[in-house]
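The values are calculated or read from the model by the stated rules, or taken from the named source; none is laboratory data. Predicted, not measured: the structure shown is a model, and the values here were computed from it. Ideal geometry is used to build each Cβ from the backbone, glycine not excepted, and the neighbour counts take in all protein chains shown.
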Amino acid sequence: MNEHVQAASSAPLFNPLAPEFIRNPYPHYERMRTTDPVHLTPLGMYVCSRHAEVSLVLRDKQFGKDYVERTIRRYGPKIMDEPVFRSMSHWMLQQDPPDHTRLRGLVVKAFTARRVEDMRPRIQQVVDETLDRIIPQGKMDLIEDFAFRLPVTIICDMLGIPEDHREAFYTGSRDGGRLLDPVPLSPEEIKQGNAGNALAAMYFQQLFELRRKNPGNDLITQLVQAEEDGSKLTNEELTANIILLFGAGHETTVNLIGNGLLALHRNPDQLALLKARPELITNAIEEFLRYDSSVQLTGRVALEDIDDLGGKRIPKGESVLCLLGSANRDPAVYPDHPERLDITRPNVKPLSFGGGIHFCLGAQLARIEAEVAISTLLRRLPDLRLDDAANAEWRPTFVLRGLKRLPASW
Ligand code: HEM
């Protein structure tokens, strides 16, 4: 056991919202992998930390989402009266087949590798315009001023959100991430979730009306037409999945860019290497995803009794959490110092985008956005330095791992 593991050994094994866990979950993960790789928490959830079990649970049909049952088990039967939970229950992310297959099928074509590659020039244009504006200032917050604007702009393009509506999305609250954490929400947080959901639903309903009258070449028009068809999706499903796409389309990618830039600057040899050999960027993005994933966890439910998962029996109906960030540092898969950032690492196949039928719809889009953003930044601002890389502050959510801010100057 190394010194990091010992430092963490007095804490509970899995306490994901504790400040020290959020600051650096990796020593805790190492302790979980080595002492109790399928750990039953006091809240009755089984937490998988090794690559083998995480990978299996994501792909095996014995596990599913069973969202409504799972949520009622956690909160009681009245929880589905809360609009934010009702809305989330319609997300494709929370559905099992056949509904999952139907909903995903409606949008999957917009995210194929080919379609996304065609967006590269637009992605480059957004990054260049952002930098043109910022470079004369001599300093910026890499999160708010740089990383955030790109994915928001691109998902707005894809959904067909008119240019003059977008300012609110650039400056809006980013507190929704708490909804995904495995620690139950307080009544106050549920209230905030309902308010945020109502605001988004109201805005999108108006936009649906607009697109019914003035169709465009965008995802909202496509889904509004599918809804009108009558058999493909309901109005509730339409609204919920547009909210999902909007949130998933930026909250995660902003953190891939932010976490990647922090990791690079904390490892100056890797930063210098990437500047000297820009063609390493594609592998570097995979390594950023592996090293400090912007999504740390996702969950499933056992759809039947499971006799043996890493030595544990899992009764039907129990929740199983998959620690993607821990699987990504499992020495069984990454034997060469998994705790090190190495942009030349061979065979990096992070589980950060999940696996199986829910594999991230936006994976290729996120990769290209991060690739263009980071390589352009290094090229155009080679002297950029972080003002306080040692004390970077993390947002207080666990599933979505990202920085509050990342001040830099040049
Ligand atoms: C699903 C991560 C970017 C849309 C997922 C899942 C993960 C993930 C782990 C699977 C969850 C599960 O199995 O339960 C990420 C990461 C991203 C990213 C790390 C960026 C670095 C995006 C983007 C979009 C997007 C840019 C859309 C524009 C979705 C959707 C799903 C999903 C719609 C649900 C798919 C389904 O249930 O079939 N993402 N994501 N994601 N992601 Fe992403």
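Taking the criterion of being in a helix (DSSP H, G or I), surrounded by fewer than 12 Cβ atoms within 10 Å (Cβ to Cβ) and not polar (S, T, N, Q), the residues of the stretch 123-145 that qualify are 132, 136. Could you list, in sequence order, the residues of the stretch 19-76 that are within 14 Å of the ligand (Cβ to nearest atom), over 12 Å from residue 309 (Cα atoms) and of a type in the set (Phe, Trp, Tyr)? 67 - this is the single residue of the stretch 19-76 that is within 14 Å of the ligand (Cβ to nearest atom), over 12 Å from residue 309 (Cα atoms) and of a type in the set (Phe, Trp, Tyr).
For the stretch 304-348, a tally of residues being loosely packed, with under 14 Cβ neighbours inside 10 Å and either within 24 Å of the chain's Cα centre (by Cα) or farther than 19 Å from residue 60 by Cα (or both) returns 9. Once the stretch 110-122 is narrowed to residues that are within 13 Å of the ligand (Cβ to nearest atom) and modelled with pLDDT under 95, the residue that is surrounded by the fewest Cβ atoms within 10 Å (Cβ to Cβ) is 112.
Of the residues making up the stretch 11-38, those that are surrounded by fewer than 19 Cβ atoms within 10 Å (Cβ to Cβ), assigned to a loop (DSSP other than H, G, I, E, B) and modelled with pLDDT under 95 are 11, 12, 13, 15, 17, 18.
Looking at 159, 150, just one residue is surrounded by 20 or more Cβ atoms within 10 Å (Cβ to Cβ) and closer than 30 Å to residue 79 by Cβ, and that residue is 159. Every test in (1) assigned to a loop (DSSP other than H, G, I, E, B); (2) touching a Gly at 6+ places or on another chain (Cβ under 9 Å); (3) within 16 Å of the ligand (Cβ to nearest atom); (4) under 21 Å from residue 110 (Cβ atoms) is passed by residue 233 save one, and that test is (2). When we screen 280, 303, 271, 297 for residues that are at pLDDT 95 or above and within 14 Å of the ligand (Cβ to nearest atom), the only hit is 297.
Scanning the stretch 94-133 for residues that are aliphatic (A, V, I, L, M), in contact with a helix residue (DSSP H, G or I) (Cβ under 6 Å, 6 or more places away or on another chain) and either farther than 26 Å from residue 224 by Cβ or in contact (Cβ under 8 Å) with a residue 60 or more places away in the chain (or both) returns 103, 106, 110, 113, 116, 123, 127, 131.
Is it fair to say residue 320 is within 13 Å of the ligand (Cβ to nearest atom) and closer than 21 Å to residue 182 by Cα? Yes, satisfied. Residues of the stretch 39-48 that are more than 12 Å from residue 319 (Cβ to Cβ) and assigned to a strand (DSSP E or B): 39 alone.
Does the stretch 52-72 contain any residue that is modelled with pLDDT of 95 or more, in a helix (DSSP H, G or I), out of contact with any Pro (no Cβ under 7 Å at 6 or more places or on another chain) and of a type in the set (Gly, Ala, Ser)? Checking the stretch 52-72: at least one residue is modelled with pLDDT of 95 or more, in a helix (DSSP H, G or I), out of contact with any Pro (no Cβ under 7 Å at 6 or more places or on another chain) and of a type in the set (Gly, Ala, Ser).
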